[in-house]
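Notes follow the structure.
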Amino acid sequence: MNIFQFSGFPAISEQHLGRPWRLAVYAMVIMSLLGGCGKTTQTGEAPGSPGKMAMPVTVIEARLQRVPVIVEAVGQTEGSKEVEVRARAAGILAKQLYSEGDTVTAGATLFTIDRVPYENALAQARAALAQDKANVEKAQREAARLKPLAEQKAISQKEFDDASTTLKTSEASVLASTARVRDAELNLSYTSVTAPISGVTGRALRSEGSLVTPGNDSGLLTTVSVNDPIWVRFSFSESEALKLRKAARKAEVKLVLSDGTAYGSIGKLNFAASTVDKKTGTVALRAEFPNPNLVLLPGQFVNVQVKTGEREAYLVPQSALVQGDQGKLLFTVTPDNKVAPRPVETAGWLGRDWVVTQGLASGDKVIIDNLMKLRPGAAVAPHAPGQGPGGPGSGGEPAKDASKAPEARATDSKPGAKTDAGSSAKQ
C-alpha cells in the first residue's frame with residue numbers, strides 16, 4: 001500500500017522523492033494520524049464517553065386535602081384557683097405542719113403562731129366580761145330594792161331613775177365585754193393558719209421563728225392552688241381572634257409541651273376578653289384542661305394550638321420549601337422530567353409539613369431532596385420516597401433508562417470508528 005494514498009496526499013511515487021523528503025513526509029503522516037486519535041465531538045466529549053446523567057430526586061405527588069386551620073400562640077399555665085395563705089395574727093411563727101408540695105384539704109393546719117399572747121388577751125377579756133356581769137347583777141338588785149320605795153314616795157324619783165340608768169349601763173358593758181371575748185377568741189384561732197381551699201401547697205415563704213405581721217409582705221406564708229383542672233392563658237391578635245369568634249367557641253384547643261410532645265387531653269375555651277388591649281393589640285384568652293396526673297404545673301410555658309376550622313390545601317415537607325428573593329418556592333418535575341420552580345403561598349405549619357394554599361395543582365410532582373443542586377430546566381430522574389431511581393411509582397422515566405441513552409450513543413459510535421479504521425487498514 002502506498003502510504004501517500006492512505007494519508008490523503010496525491011499519489012506520488014516514492015521514486016520521485018529523494019530520501020530526505022521521504023523521511024519528512026513519513027513524519028507528517030504519522031503526526032496527522034496521532035492527532036486524529038485525540039479528536040473530540042462538538043459537545044466536548046470524546047467519542048465513546050458516557051453522556052451526563054440525570055440527577056436522581058425524590059418526588060411526592062401533590063394532593064388537595066382538607067386540613068385544619070390552626071392558630072398558634074405561646075401560653076402560660078396557672079391553677080384554676082390560686083390562693084395566698086397569709087397570717088392574720090401578728091407574732092412568732094412557731095411551727096410548719098406541712099411539707100411543701102403536699103396536697104392538702106380545706107381547713108388543714110399549715111402553720112401555728114405563738115399562742116401565749118392571744119391566750120392571755122382572751123383571759124383578760126373573759127375576766128372583764130365576768131366583772132361586767134357582776135355589775136349587772138348588782139344594778140339589778142339595787143333597782144329592784146328602790147322600785148317599791150319609789151312607788152310609795154319613800155324616796156325621790158331621781159334616786160330610782162339613777163338606779164335604772166346604772167342597770168342599763170352595766171348591761172351595755174356586758175355586751176361590749178362579750179364582743180371583746182369573741183374578738184380575743186378569733187385572734188387566738190388565727191394562730192393556727194389553715195388551708196383556705198383544697199389543693200397543692202407551694203413553697204413556704206417564712207421559716208419557723210420568723211416574726212410575721214398581717215398586712216405586709218411578711219404576712220404571706222405560702223400559696224395553695226388547684227391544678228386539676230388547670231388553666232392556660234394566652235393572647236391572639238385581632239385578626240386571629242376574629243377567626244376564633246367565627247368558630248362560635250367550638251374551637252378545639254391543644255397543647256404542645258416544651259419537649260415537643262403533645263398534651264394528651266383537649267381543652268376548651270372558658271374566657272375571652274371583650275376588649276382589645278390598646279398596648280399590645282391582642283385579645284386575652286383562657287382555656288381549661290383536665291390535669292388528673294398533674295403533668296402540667298402552674299407557671300409552665302406551653303405552645304397553644306387552636307383549631308378554628310378547616311380549609312383545602314396541600315401538605316409538603318418542610319425540607320421541600322425554599323425561601324428565595326421572590327418568596328417561597330417549590331421545585332416540581334415537568335412531564336419531560338425537567339426542573340420547574342413554582343412560587344407558592346403558605347399558611348403556616350401542620351406538624352412537620354407546610355400548608356400550601358396557592359401555587360400547586362393536584363398531580364404536581366414536588367421534589368423534596370437535592371434542592372441545592374437543582375437548576376431550572378435541569379434534567380432529573382424522579383422516584384418515589386423510599387425507592388431508588390427508576391423504581392415503581394417513580395412518576396417519570398426510570399433513571400436507568402435515562403442513564404443508558406448516552407451510553408448507547410457512545411457504544412454506537414465505537415463500531416463505526418473500528419470499521420473505518422479497519423477499512424482504512426485494509427486499504
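Just so it is clear, none of the values below were taken in a lab; they were calculated from the coordinates. Because the structure is predicted, anything quoted here is derived from the model rather than measured. Cβ sites come from the backbone with ideal geometry, for glycine too, and all protein chains shown count toward neighbours.
Per-structure values
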item	result
Of LYS279/LYS328; LYS279/LYS307; LYS278/LYS328; LYS268/LYS365, those spanning more than 28 Å from alpha-carbon to alpha-carbon	LYS279/LYS328; LYS278/LYS328; LYS268/LYS365
Semi-axis lengths (Å, descending) of the ellipsoid that matches the C-alpha gyration tensor of the stretch 132-203	50, 8, 7
Candidate aspartates and glutamates for bridging to LYS81, where Cα separation is under 20 Å - those fewer than 8 sequence places away on the same chain excluded	GLU100, ASP102, ASP228, GLU288
Calculated from backbone phi, Karplus (6.51, -1.76, 1.60) coupling profile of the stretch 361-373 in Hz, x at Gly/Pro	10, 4, x, 4, 9, 9, 7, 10, 8, 6, 5, 5, 9
Lys pairs, the stretch 83-220 - Cα-Cα below 26 angstrom, 8 or more residues apart or on other chains	11
Computed over the stretch 102-232: relative contact order in percent, which uses C-alpha pairs under 8 Å that are six or more apart	39 percent
Placed amide H near GLU82: partners under 5 Å, 5+ positions off or other chain	VAL226
Calculated from backbone phi, Karplus (6.51, -1.76, 1.60) coupling profile of the stretch 178-192 in Hz, x at Gly/Pro	5, 5, 5, 5, 4, 5, 5, 5, 5, 4, 5, 5, 5, 6, 9
Cβ crowding within 10 Å averaged over residues, with 325-335, 188-198 ranked highest first	188-198, 325-335
